[in-house]
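Let me begin by presenting the structure, written as structure tokens, before commenting on it.
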Amino acid sequence: MYNGRDMTELSMMAKTDWANDELAFFHHSFQQIVPYLNTEGQTIQREIIEEIQNRGGLKKL
């Protein structure tokens, strides 16, 4: 279970400052609601994906 900062706090930060577990959690969450995302949500999802790619992906524990 994710036990970190919420989207309200994270939205005020650059994606480069997010922790890997935050990127992973919100990436998964956005994947679950793709059909319902508006333009802003799609932009956030794309930025999360780009940051994950910039870090070389997320490693499984």
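The values are calculated or read from the model by the stated rules, or taken from the named source; none is laboratory data. Bear in mind that the values here come from a model prediction, so they are computed numbers and not experimental data. When we count neighbours, we look across all protein chains shown, and the Cβ atoms used for this are built from the backbone with ideal geometry, even at glycine. Note: areas computed on protein heavy atoms with side chains; ligands, DNA, RNA excluded. Shrake-Rupley method; radii C 1.70, N 1.55, O 1.52, S 1.80 Å.
Using a probe of 1.4 angstrom and keeping all protein chains present, the accessible surface of the chain works out to 75 square angstrom per residue. Other residues with beta-carbon under 11 Å from the beta-carbon of residue 3 carry, at +1 per Lys or Arg and -1 per Asp or Glu, a net charge of -2. Spin-label pair residue 40-residue 1: with each label point 7 Å from Cα along the Cα-Cβ axis, the two points sit 2.9 nm from one another. Judged by the mean number of other Cβ atoms found within 10 Å, the most tightly packed of the peptides 5-13, 48-56 leads the ranking 48-56, 5-13. The orientation-averaged projected area of the convex hull spanned by the Cα atoms of the chain comes to 4.4 nm². Within the accessible area of the chain, the carbon and sulfur atoms contribute 53%, probe 1.4 Å, all protein chains present. Working note: Karplus 6.51/-1.76/1.60 with θ = phi - 60° gives the stretch 3-10 the couplings 9, x, 5, 8, 4, 4, 5, 5 Hz, where Gly and Pro are set to x.
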